[in-house]
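Have a look at the structure below, then the notes.
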Amino acid sequence: MPTTRICKIFTFDAAHQLIGHSGKCANLHGHTYTLEVVVSGEPIGEENPSDEGFVMDFAKLKAVVKTEVTDILDHAFISRGNEPALEVLRASGSKVAVLGFRTTAENLARYIVYRLKTAGLPVESVKLWETQTAWAQVYAAEVPDDGPFYQEVGGCDSE
Ligand SMILES: Nc1nc2c(c(=O)[nH]1)N=C([C@H](O)[C@H](O)COP(=O)(O)OP(=O)(O)OP(=O)(O)O)CN2
Ligand SMILES: [Zn+2]
């Protein structure tokens, strides 16, 4: 049976701020992110009549993404940890996800694929749409087992 890829698409809303960015993304703003999760494998055979012909039940895929990604990021302020608004939001009981890295589409895609891979999902890649015209894609095989590298210092965040 040939390797087959399946994909399920999710959306979540989050706010962020790219401290130090030279453009408009230095402002606190939000996105409705679209997340495409691609899982690959061989379709299951007759030994499992419930899942026969599935690479993976879409419902199971959805449950993992909910636990590992959307429950954490949806309607949260996704934070590197250095934003002035962080403490005010925390103090007011607003949902925050302090991620420790600059919340670019690239870094978020790496974070998401690593979490899904670590949770045991046979994820091949994720594509994260930050806007309707901009996305970042990361392949799980290219993320080290000990975790992805994020740009912790330098670039536009240098202060
Ligand atoms: N390589 C990256 N560039 C930018 C990122 C990023 O994560 N990676 N992020 C931003 C901003 O957060 C924001 O996404 C603005 O992006 P942009 O595509 O410029 O948004 P627009 O609303 O202007 O999109 P249009 O579809 O062109 O109107 C900036 N850059
Ligand atoms: Zn943004």
Fill in: Search result, residues across segment 32-44 that are within 13 Å of ligand 1 (Cβ to nearest atom) and touching a helix residue (DSSP H, G or I) at 6+ places or on another chain (Cβ under 9 Å)
33
Item to complete: Quick one: count up the residues across segment 92-122 that are free of Cβ contacts under 8 Å to residues at least 24 places away in the same chain, of a type in the set (D, E, K, R) and in contact with a Lys or Arg (Cβ under 8 Å, 6 or more places away or on another chain).
Response: 0
Worksheet item: Of the residues in segment 1-19, how many are under 22 Å from the mean Cα position of the chain (by Cα), surrounded by fewer than 18 Cβ atoms within 10 Å (Cβ to Cβ) and of a type in the set (S, T, N, Q)?
Response: 1
Discussion item. Can you list the strands (runs of 3 or more DSSP E) lying wholly within segment 65-156 that have 3 or more residues being closer than 16 Å to residue 33 by Cβ and within 13 Å of ligand 1 (Cβ to nearest atom)?
Written reply: 123-131, 134-139
Item to complete: Report yes if some residue within segment 41-52 is open to solvent by 40 Å² or more (accessible area, probe 1.4 Å), of a type outside the set (Lys, Arg) and within 16 Å of ligand 2 (Cβ to nearest atom); otherwise report no.
Response: no
Worksheet item: Are any residues in segment 10-54 within 21 Å of residue 122 (Cα to Cα), among the acidic types (Asp, Glu) and in a strand (DSSP E or B), and if so, which ones?
Response: 36
Worksheet item: Restricted to segment 20-40, and to residues that are within 12 Å of ligand 2 (Cβ to nearest atom) and crowded, with 17+ Cβ neighbours inside 10 Å, which residue is farthest from residue 69 (Cα to Cα)?
Response: 25
Worksheet item: What pairs can you find where one residue is in segment 26-51 and closer than 25 Å to residue 115 by Cβ and free of Cβ contacts under 8 Å to residues at least 24 places away in the same chain, the other is open to solvent by 30 Å² or more (accessible area, probe 1.4 Å) and of a type in the set (Ser, Thr, Tyr), and their Cβ atoms are less than 8 Å apart, with a gap of 6+ or different chains?
Response: 32/11
Practice prompt. Filter segment 93-137 down to the residues that are open to solvent by less than 20 Å² (accessible area, probe 1.4 Å) and more than 16 Å from ligand 2 (Cβ to nearest atom), then identify the one that is farthest from residue 18 (Cα to Cα).
Written response: 121
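The values are calculated or read from the model by the stated rules, or taken from the named source; none is laboratory data. Note that the structure is a prediction, hence the values are computed from the model and not measured. Don't worry about glycine lacking a Cβ; one is built from the backbone with ideal geometry, like all the others, and counts go over all protein chains shown. The protein model used for the area step is the full one, side chains on, heavy atoms only, and it has no ligands, DNA or RNA in it. Shrake-Rupley method; radii C 1.70, N 1.55, O 1.52, S 1.80 Å.
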